[in-house]
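Here it is, the structure in full.
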Amino acid sequence: MRFEGLNKEYDGKWVLKDFSINIPDEGSVCFFGPSGCGKTTLLRSISDRLTKEGFRTAWVFQEDRLLPWDSAAENVMLAGATREETLALLRELGLEDAASKRPHELSGGMKRRVAIARALAFGGDALVLDEPLKGLDADAKANSASLIRRIGPKLCLLVTHDREEAAMLSDSIVYVKGPPLAIV
Amino acid sequence: MTPTTTPNKRKQGYTVFESKQKGGLPKWASTALCALFWLSLWQLLAISVGKEVILPAPLTTLNRVVSLAATGDFWLKCGMSLLRIGIGFLLAAVAGGIIAVFTAFVPVLKALFSPAMSVVKATPVASFIVLALVWMKSGSIPTFTAFLMVLPIIWFNTHAGLLSANGDLLEMARAYKLSPATIFKKVYLPSALPYYTAACGTGAGLAWKAGIAAEVLGRTALSMGGEIYDSKIYLETVDLFAWTAVLIIFSVVFEKLILVWLRRMNRRFAGGLSDAV
């Protein structure tokens with residue numbers, strides 16, 4: 001897939017300026033670069049294009065963005081999964097005891113895994129991950145990465161500045177710098 | 001006795017503080033002592049004035065309340081006042097909430113309703129009552145007045161609550177293709193509930209005061225306000241104090257009942273996390 005002429009400006013500052021990139025139809029692509037270089041903006045622009053072309057895109061945002069008034073299971077079921085599917089996903093992520101707990105009762109790492117479970121429950125054609133393993137311990141990182149690779153959609157786009165995360169989740173890495181964003 | 005403040009629970013990342021009196025009197029005892037202080041002051045003032053027609057003593061007032069409560073007429077008047085004011089409040093709570101939903105999502109409706117609500121909010125209650133005396137029967141005036149007093153409060157607060165919905169959660173909801181109805185139920189409604197409950201709490205007290213004022217000015221038959229008017233006409237100060245005491249009790253009970261109902265709504269739609277009441 002070819003994405004051409006991506007532009008984005010915030011307060012007179014160009015984050016994306018006539019940016020173009022080729023992305024494979026399948027596999028996991030990581031955009032690797034320092035914080036603030038415009039990786040997330042790129043991810044949003046690509047995701048918007050994908051949505052316009054009819055892709056169903058699941059997101060793991062940089063923040064967990066869980067509904068504070070719903071339990072972990074309800075947050076996952078929001079993405080369309082049945083209760084059984086939800087509980088199976090939570091079990092795979094080591095959250096079987098957290099299903100009925102609300103976000104304020106969970107640790108940062110547990111919330112992160114609930115957000116990952118929600119994205120995996122959505123299914124879809126593409127998975128967009130913004131620093132998905134941030135705040136997880138080594139075991140949880142390995143377990144979550146393995147699950148994403150195993151049951152995630154065929155196309156996976158990832159941004160991170162963590163080499164370990166990039167290595168665990170991607171087939172190919174695109175090194176970027178900015179702003180405005182440029183391929184190194 | 002050193003009052004201390006200790007964090008007792010965490011909700012949505014905020015620490016909720018609860019006052020606790022360390023090594024002091026239990027709360028009920030300190031409340032009783034405060035009440036005793038003010039009743040004693042009232043008694044002393046009544047003794048020093050020495051005229052029941054100007055300031056009746058607390059015990060005299062209590063006796064009058066008890067004798068009034070023994071009659072069926074008393075309960076009929078209380079019930080009718082409660083019904084009139086309650087209907088006005090409920091209509092405002094429903095209409096204010098519905099209008100807020102429309103104005104929050106349709107800018108042209110916001111432009112249309114905003115000045116009208118501001119005018120209603122700024123107009124003195126007496127003006128509405130006098131106007132209502134011209135327009136309608138005296139039995140409807142308390143309902144109309146309570147409705148008009150509560151409506152802008154509910155609208156302003158609920159509108160603000162809906163607009164305060166978390167942008168990140170809304171983006172998440174759209175990314176996951178949630179239906180507009182689900183987005184409303186899961187994001188907007190829990191965001192607006194603390195504002196709505198706070199407005200209902202304020203509105204309940206206001207509805208009661210405005211409704212009784214309307215009954216007094218409208219000389220509504222079978223009403224608590226009507227009794228207050230009569231006690232003023234016949235200089236029955238003990239009755240005036242007794243009915244006022246009853247009014248305060250009913251106002252408190254009315255507000256508490258509404259808060260209980262709102263807590264139930266809060267638990268149902270926001271898991272108890274939007275607990276503003």
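Where a number appears in this text, it was derived from the coordinates with a stated rule and is not lab data. The structure displayed is predicted, hence computed values, not measured ones. We place every Cβ from the backbone using ideal geometry, glycine too, and count neighbours over all the protein chains shown.
Tell me, B:Ser164, A:Ser100 in order of fewest to most beta-carbon neighbours within 10 Å?
Lowest to highest Cβ neighbour count: A:Ser100, B:Ser164.
Still on this structure, please answer the following. Over the Cα atoms of chain B, what Rg and Dmax result, in angstrom?
22.8, 75
Counting only other residues whose beta carbon sits under 14 Å from that of B:Leu162, what net charge do I get with K and R as +1, D and E as -1?
Local charge sum for B:Leu162: +3.
For chain B, list the DSSP H helices whose alpha carbon atoms reach 24 Å or more along the long axis and whose average Kyte-Doolittle value is -0.5 or above?
B:27-49, B:72-105, B:141-163, B:189-218, B:237-270
Rounding to the nearest 10 and keeping the result within 0 to 90°, find how far the Cα-based axis of helix A:39-52 lies from the longest principal axis of chain A.
Approximately 80 degrees, to the nearest 10.
Using the structure shown, list the pairs from A:Lys141/B:Lys177; A:Lys52/A:Lys154; A:Lys52/A:Lys101; B:Lys137/B:Lys209; B:Lys51/B:Lys256 with a Cα-Cα distance above 25 Å, or answer none.
Values: A:Lys141/B:Lys177 28 Å; A:Lys52/A:Lys154 18 Å; A:Lys52/A:Lys101 36 Å; B:Lys137/B:Lys209 20 Å; B:Lys51/B:Lys256 36 Å.
Correct reply: A:Lys141/B:Lys177; A:Lys52/A:Lys101; B:Lys51/B:Lys256.
Mind checking which aspartates and glutamates have their C-alpha under 12 Å from B:Lys77, skipping anything on the same chain fewer than 8 residues away?
B:Glu215, B:Glu227
Which semi-axes, in whole Å and largest first, does the equivalent ellipsoid of region A:20-166 have when worked out from the alpha carbon gyration tensor as the square roots of 5 times its eigenvalues?
Each semi-axis is the square root of five times an eigenvalue, giving 24, 17, 14 Å.
Would you order B:Trp155, B:Trp135 from fewest to most other beta-carbon atoms within 10 Å of each residue's own beta-carbon?
Ascending number of Cβ neighbours within 10 Å: B:Trp135, B:Trp155.
Output the pairs from A:Lys111/A:Lys134; A:Lys13/A:Lys39; B:Lys121/B:Lys232 with a Cα-Cα distance over 18 Å in this structure; if there are none, say none.
B:Lys121/B:Lys232
Continuing with the same structure: Going by C-beta contacts inside 10 Å, put A:Val60, B:Val134 in order with the fewest on the left.
Least crowded to most crowded, the residues run B:Val134, A:Val60.
On to the next question. Quote the FRET efficiency, to the nearest 0.05, computed for B:Lys121 versus B:Val253 with a Förster distance R0 of 25 Å and r equal to the Cβ-Cβ distance.
On the way: r = 27 Å, r/R0 = 1.06.
Efficiency computed from Cβ-Cβ geometry: 0.40.
Against the 2.2 N^0.38 Å scaling, with N counting residues, where does the protein assembly as shown land? I'd like the Cα-based Rg ratio to two decimal places.
1.36
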